[in-house]
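Would you mind keeping the following structure in view while I ask a few things?
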Amino acid sequence: MADDKAPAADAAAADAVAEPEIEEETLFDAPERGSADELLDAGAHDELDAMRHSTAHVMAEAVLDLYPGTQLGIGPAIADGFYYDFKLDRPLTPADLAKIEARMAASIAADHPFVRRELPPEEGRAFFEERAQPFKVEILDDLAAKAKASGSPMPPTSIYEHGPFVDLCKGPHVASTGKVGPFKLLAVSGAYWRGDQTRPALQRIYGTVWPTQEELDAYLWRRAEAKKRDHRRLGVQLDLYSFHDVSPGSAFWHPKGQLLWRTLEAAMRELQARNGYDEVSTPILVSHRVWQQSGHWDHYRDNMFILDIEGQPFSLKPMNCPESTFIYRSRLRSYRDLPLRYAEFGRLHRNELSGALSGLTRVRQFIQDDAHIYVRPDQLQDEITGLLGMIRESYGWFGLEPRYTFATRPDDAIGDPALWDRAEAYIKGALDAAGVPYRVLPKDGTFYAPKIDIYIDDALGREWQLATIQADLTMLPERFDLTYIDEEGKPQRPIAIHRAIYGSLERFIGILVEHFAGAFPLWVAPVQAVVIPIADRHVDAARELVGVLAGRGLRAEVDDSSNRMQYKIRTAQEQKVPYMVVLGDREVEAREGTLRRRGAAKDEPQVTLGWDALADRLAAESERRTVA
């Protein structure tokens, strides 16, 4: 935290270390909805979702009862809960949420059945117009326009009612309000109608509901823990990075954050070197002609930063894919040259909306541990098997267990469907040969390739998608005319594998900060050990010991402040340093150090070792790359 007594002249410095305000809505997965079909989507895909959507209706009933004249937006189920958007005459407060909860409890106790009715289209529109619900009328008008444009009849208006409340809704719902489980209203945030900043501003109430009180309590604990672990707050506390409005969507990396970054990067570089990769680097600024050729110009242009240079459009690259082809084509390739594995820690830029930015997990500038691998068809299965092994090894450094999905051809796929069929068969064969379980996600591939996506669960049970492996027979090989000469002297198309393991390093670090709550394993911690001299006369020896530790490749520093020893130990623990080494008269004389482990119980025996033995012990633990 910045010192609240800092003078005005120090405002810039105070800003650099101030804890960021964490918006409540960033703790929810609630994608905005724009089309009429999306607005009517209840998000109810199973029984729990149906309960959540039903609870949103009960909440809307309570708000309308307590605040007459409220205009209703939409109220879908979302991950872990629900929300409903309202247009009210005044802002809601936490006290209002308590009143709404009490009114909801009364409706649930009354056990009103949820009843579906259908009205003719004209009657349905008049129904909501009479009740001064313009957002519902707008949805119906859009559906009517869509039906007219397609030449289809307008379907009946589906409404659900329970007790005195009626809403435009396709359902499904639980049988009655009494079937709603234990619930809690969580937060109020701002929203725009249909996610459009030019449309009316609304108030969004978030809530959660679960079948049992135990499940609700567990969720509320996870949510509170997630706020404590928020990487935006912890990153500032641990002096890793900060965020500033002069460059939205980009982190300012502090020395400790850069040490963390370089440690992860070095580990991946070492893994890639062991697996036959060559590292390349390609330009950040690229002519739009490259993106037209690849197809990204049609599919991704709105997310690019485009610049005019001497009358020609260029863009900051949003991905590395096409540029590796220029290196591939720099000379004639033989079947003996393959596989070619080009790795690149490429700096990328994507023009995300400001409202979507979120610390390190949603940024405009990031670096990705990308690779593009060019193989013959007979090499693809072994290559994917090797990539799955690299993923298992690298995720094992953090104690993460990978899960696999297989995403197939989407509706907007480019290229010959026959090539897609071949690519999907290659991926399925490789997954089956590797013997790993996987889920099939129909139509979830990229526009140019089917893919394997790898997911992990963090310490709070939240799912994150990280690594990806894509088998591309279309975009790079075909559109960039890539060939190699086979055994018979004939040109053939290689297969291009797009691969990332960490993915975005910014996002990966943000996930790690929250997963470990900032208490990183020894091998990746920015500061691995703090040497704590008990008195000023021990400072020179402490600096000498730091030199011994540095000689073993360890990252160590001295706390030579004037604070008492116990305060220094507490500071090191707050900074989540894995080890503390205490030096007093006896240790200095014997050239020993007393080792304290982060998080050790008060009665845990402390170990005193000679300096060389201590350095060897910590170095061996660090080199193992474990989470112990």
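Would you check if residue 369 is charged (D, E, K, R) and not in a helix (DSSP H, G or I)?
Criteria met by residue 369.
Within the stretch 537-546, identify whether any single residue is closer than 22 Å to residue 255 by Cα, among the charged types (D, E, K, R), at pLDDT 95 or above and crowded, with 18+ Cβ neighbours inside 10 Å, and answer yes or no.
So far as the stretch 537-546 goes, no, none of its residues is closer than 22 Å to residue 255 by Cα, among the charged types (D, E, K, R), at pLDDT 95 or above and crowded, with 18+ Cβ neighbours inside 10 Å.
For the stretch 103-122, which residues satisfy the criterion of being among the hydrophobic types (A, V, I, L, M, F, W, C) and touching a residue at least 12 places away in the same chain (Cβ under 8 Å)?
104, 108, 109, 110, 114, 115, 119 - these are the residues of the stretch 103-122 that are among the hydrophobic types (A, V, I, L, M, F, W, C) and touching a residue at least 12 places away in the same chain (Cβ under 8 Å).
Between a first residue in the stretch 24-51 that is at pLDDT below 75 and a second residue that is part of a loop (DSSP other than H, G, I, E, B), which pairs have beta carbons less than 6 Å apart while being 6 or more apart in sequence or on different chains?
29/79
For a quick check of your reading of the model, give me the residue pairs whose first member lies in the stretch 338-359 and is closer than 28 Å to residue 234 by Cβ and modelled with pLDDT under 95, whose second is of a type in the set (Val, Ile, Thr) and in a helix (DSSP H, G or I), with beta-carbon atoms closer than 9 Å and at least 6 apart or on different chains.
358/26; 359/26
Would you confirm whether any residue within the stretch 496-516 is in contact (Cβ under 8 Å) with a residue 60 or more places away in the chain, of a type in the set (Val, Ile, Thr) and part of a loop (DSSP other than H, G, I, E, B)?
Taking every residue of the stretch 496-516 in turn, none turns out to be in contact (Cβ under 8 Å) with a residue 60 or more places away in the chain, of a type in the set (Val, Ile, Thr) and part of a loop (DSSP other than H, G, I, E, B).
Return the residues of the stretch 204-244 that are part of a helix (DSSP H, G or I), within 20 Å of the chain's Cα centre (by Cα) and among the small types (Gly, Ala, Ser); say none if nothing qualifies.
Residues satisfying the conditions are 224, 226, 235.
Could you check the stretch 346-366 and list, in sequence order, the residues that are small (Gly, Ala, Ser) and not in a helix (DSSP H, G or I)?
346, 358, 359 - these are the residues of the stretch 346-366 that are small (Gly, Ala, Ser) and not in a helix (DSSP H, G or I).
Among the residues of the stretch 226-245, are any touching a strand residue (DSSP E or B) at 6+ places or on another chain (Cβ under 8 Å), surrounded by fewer than 17 Cβ atoms within 10 Å (Cβ to Cβ) and touching a residue at least 24 places away in the same chain (Cβ under 8 Å)?
Among the residues of the stretch 226-245, at least one is touching a strand residue (DSSP E or B) at 6+ places or on another chain (Cβ under 8 Å), surrounded by fewer than 17 Cβ atoms within 10 Å (Cβ to Cβ) and touching a residue at least 24 places away in the same chain (Cβ under 8 Å), which makes the answer yes.
Taking into account only those residues within the stretch 62-85 that are touching a residue at least 24 places away in the same chain (Cβ under 8 Å) and in a loop (DSSP other than H, G, I, E, B), which is surrounded by the fewest Cβ atoms within 10 Å (Cβ to Cβ)?
69
Another one. Suppose the filter is buried (at least 17 other Cβ atoms within 10 Å of the Cβ) and either closer than 21 Å to residue 413 by Cβ or not assigned by TED's automatic domain parsing to the domain that holds residue 495 (or both); does residue 315 pass it?
No, not satisfied.
Report yes if residue 123 is in contact with a Ser or Thr (Cβ under 9 Å, 6 or more places away or on another chain), in a strand (DSSP E or B) and over 27 Å from residue 206 (Cβ atoms), otherwise no.
Considered against the rule, which asks whether it is in contact with a Ser or Thr (Cβ under 9 Å, 6 or more places away or on another chain), in a strand (DSSP E or B) and over 27 Å from residue 206 (Cβ atoms), residue 123 comes out as no.
While we're here: Give all pairs with beta carbons closer than 6 Å in which a residue from the stretch 526-546 that is free of Cβ contacts under 8 Å to residues at least 40 places away in the same chain meets a residue that is of a type in the set (D, E, K, R) and surrounded by 15 or more Cβ atoms within 10 Å (Cβ to Cβ); count only pairs at least 6 apart in sequence or on separate chains.
Close Cβ pairs satisfying both conditions: 539/560.
Determine which member of the set 388, 419 is under 23 Å from residue 270 (Cα atoms), touching a residue at least 40 places away in the same chain (Cβ under 8 Å), surrounded by 17 or more Cβ atoms within 10 Å (Cβ to Cβ) and of a type in the set (A, V, I, L, M, F, W, C).
Only one candidate qualifies: 388.
Also: In the set 377, 402, 417, which member is in the same structural domain as residue 498 (by TED's automatic domain parsing) and within 23 Å of the chain's Cα centre (by Cα)?
402
Step by step: first the residues of the stretch 169-203, then only those that are among the small types (Gly, Ala, Ser) and part of a helix (DSSP H, G or I), then the one that is farthest from the chain's Cα centre (by Cα). Which residue is that?
For the stretch 169-203, the residue satisfying everything is 178.
Let me ask something else. Across the stretch 448-495, which residue is nearest to the chain's Cα centre (by Cα) among those that are within 26 Å of residue 415 (Cα to Cα), charged (D, E, K, R) and assigned to a strand (DSSP E or B)?
The selected residue is 453.
Something else: For the structure I just gave you, tell me whether residue 329 is among the basic types (Lys, Arg) and at pLDDT 90 or above.
So residue 329 passes the test.
The values are calculated or read from the model by the stated rules, or taken from the named source; none is laboratory data. Quantities reported herein were computed from a predicted structural model and do not represent experimental measurements. We place every Cβ from the backbone using ideal geometry, glycine too, and count neighbours over all the protein chains shown.
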